[in-house]
1. Could you state the number of Å between the C-alpha centres of region 329-372 and region 539-591?
2. Measuring from label point to label point, each 7 Å out along Cα→Cβ, what is the A550 to T638 span in nm?
3. Out of residues 5 or more away from D528 or on other chains, whose amide H comes under 5 Å of its own, with H placed 1.01 Å from N in the peptide plane?
4. Using a ≥ b ≥ c from the Cα gyration tensor of region 296-381 (square roots of the eigenvalues), is it rounded, prolate or oblate, where a/c under 1.5 gives rounded and otherwise the larger of a/b and b/c decides, a/b for prolate?
5. Could you give the distance between the Cα centres of region 605-652 and region 201-216, to the whole Å?
6. Shape verdict for region 603-654, please, from the Cα gyration tensor: rounded (a/c under 1.5), prolate (a/b greater than b/c) or oblate.
7. List the aspartates and glutamates whose Cα sits under 15 Å from the Cα of K383, skipping any in the same chain fewer than 8 residues away.
8. Quick one: if you stick a label point 7 Å off each Cα along the C-beta vector at T524 and S399, how many nm between them?
Amino acid sequence: MPQNRNRTVAANSALVHEVPPKHRHPLMRRILLAVVLAAAACLGILGYEYATLVIPQPDAFAVAQASTVYYSDGTTPIGKLAGDNRHIIDCSTLPDYVGNAIVASENRTFWTDSGIDLRGIARALFTNVTTGSRQGGSTITQQYAERYYLGETTTYPGKVKEALLALKIAQTQSKSTVLCNYMNTIYFGRGAYGIEEAALRYFGVSASQLTIPQAALLAGIIPAPNSWDPAVDATSAQQRFNRVISIMRDDGYLTQAEADAATMPDTIDYTSTDSSDFTGSNGYLLMMVEDELKSTDAFKDADIANGGYTIITTIDKDKQALMQQVASPATNGLGEPSGIETGGMSADPRTGAIIAIYAGDDYQSKQLNNATQAHYEPGSTMKAFSLIGAIENGVSVDSTYFNGNSPQTFAGLEKPVANYANKSYGNVTLTQATAYSVNTVFMRITEKVGPASVAQIAHDAGISSTLSDDSPFVTLGIDGVSVEDVTQAYATIANQGTKVSLHCVESVKDSSGVMTYAAPTNGTQVFDANTANLATQALRGPMQFGTARAAGASVGRAMAGKTGTANDNTAESIVGYTPSVVTTFAIWYPGTDGSAQTLPSWNGYSYGEGFPNVLYAKYMKQALAGTSAESFPQPTSTGIAGGSDGTWGTAGGM
């Protein structure tokens, strides 16, 4: 048995030795072949991807920069519209050490590498696989590719694309371009994107004025700016600063003497308020600008917020401050009771430029704009449009007489209409009726012209709010309008019947300084110039000897205008103008539900009567100080007694 067993073993051994070598370990060979083929395929795919990769347009976030709004002087900022706090600059204006500090901190081989760091990528990949974290091995070029073109990438395929794009960029863009775009893109903390905003928020200077220590500090905190801000962690900030200075010395960017002289710089105080530009009264101005640009259809919302525009407004810095001081209960010292709302606007009727507004004290606590959005009853300021209707019918403002007694009955009205305090004036001219605001005269005129025509005249002049077109009371101002409505309408009269749309944006330049928008200042002739000039002649009466004579005397200029008291004393207002400035002030008293309430009395102002006149006089006297006196154009004809058909006024039994 043992012999047979040995022969069997020997036979088996022979069989083993007879197996051809090429059949050894077939599974291992297949695995190796698969790995080689997969690697070749990957390399082929990567090569194809690299060859066909086109550098895309910059990611919108990377090039987004806030649009800045300026006063009419073009240099004093009002604030920034919503968007990223970034201001993209030309890096040729920066000292070399600014970019080199960032290179020292973030990527020491930047000036010589191929755009990617294979060791760093491998190290990061190992860490990510073994720990589950997301660690980068990115060079400045890779970070630039991610932030400037791709947005944030966290997936492995995304990182591969990022690396390929970095290689492509390194072959097609200069190192200086890459570094500049990187500096304009990255986040430095304190809400600042890009080196320019960072310099302003940390040191209060432009990036071109950064010192070596300041540049080193900003470069050092890039990996964790919110944590390493010196105001948050002074120790870590100091350590990062020391590291950057040391590397800059070792790599030849600084001499030993410069490194020794570099000490930790002081930063300015900073309080994080994302919407700080919209606090106080400036918020109203910024929203007016934004709304106006949107209404032009020339700008999309995202463009306005992130386009980096330079927006010059028509708002005069000094007159805006004056308007705010005069109209605000917090600063005018006039003792208005709590709850009274005030709206004001001043504009140039010749160009439509809004010079100043009073919309409220704090946009963030009350978004409703008292100058453009809030509504009040304008009272007798609406009589100007009945006046124009009479003039258009050939009625002389000085030789046609009307019955100004009170009260009087009118067709279709159940109750008689009375003048203020039921005062009778006898027979008066249109100029006198305008000066004394005689209700009964203007009710007769509206009866003759027609309520629909009066409403249309007001709309033609510029009132956009809805008006009653079937009630003679339209002339007494029973409909809600805005301060802007009245300012626009009277600006048309002041501008000899030519309506130039009010606006607060003068011009817009894009981030490259190219003019992209200029406010249209061409007007539309809505009334005959002589008609408007005759209306102005009559409207001078209130300022000379009528309801606004105190305001007129205080300002001491040739002015025209009209006062208004709302029904039941719920609002008081005045609008007045010179040839170059038209200004409106109004007050009203809303209830807790927003309904119109009767104005209270205070400091001699019975139901607020006369208070807007005081605001107007205070503002206009100072606004016109130092300017030349102006005269109104003289009408070329004065109309006919009794109107063109001889039926107006007492001649026709009115």
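The values are calculated or read from the model by the stated rules, or taken from the named source; none is laboratory data. Predicted model, so just to flag it, every value in this text is computed and none were measured. Glycine gets a Cβ as well: all are built from the backbone with ideal geometry, and neighbour counts include every protein chain shown. Surface accessibility is based on the protein's heavy atoms, side chains included, excluding ligands, DNA and RNA. Shrake-Rupley method; radii C 1.70, N 1.55, O 1.52, S 1.80 Å.
1. After rounding, the separation between the Cα centres reads 16 Å.
2. 3.2
3. Under 5 Å from the amide H of D528: no residue qualifies.
4. Because a/c hits 1.5 or more and a/b exceeds b/c, region 296-381 counts as prolate.
5. Measuring centre to centre over Cα atoms gives 57 Å.
6. Details: a/c = 7.93, a/b = 1.59, b/c = 4.98.
Cα axes put region 603-654 in the oblate bin.
7. Hits, sequence-local ones excluded: E392, E447, D460, D469, D479, D485, E572.
8. Label at T524, label at S399, 3.5 nm between them.
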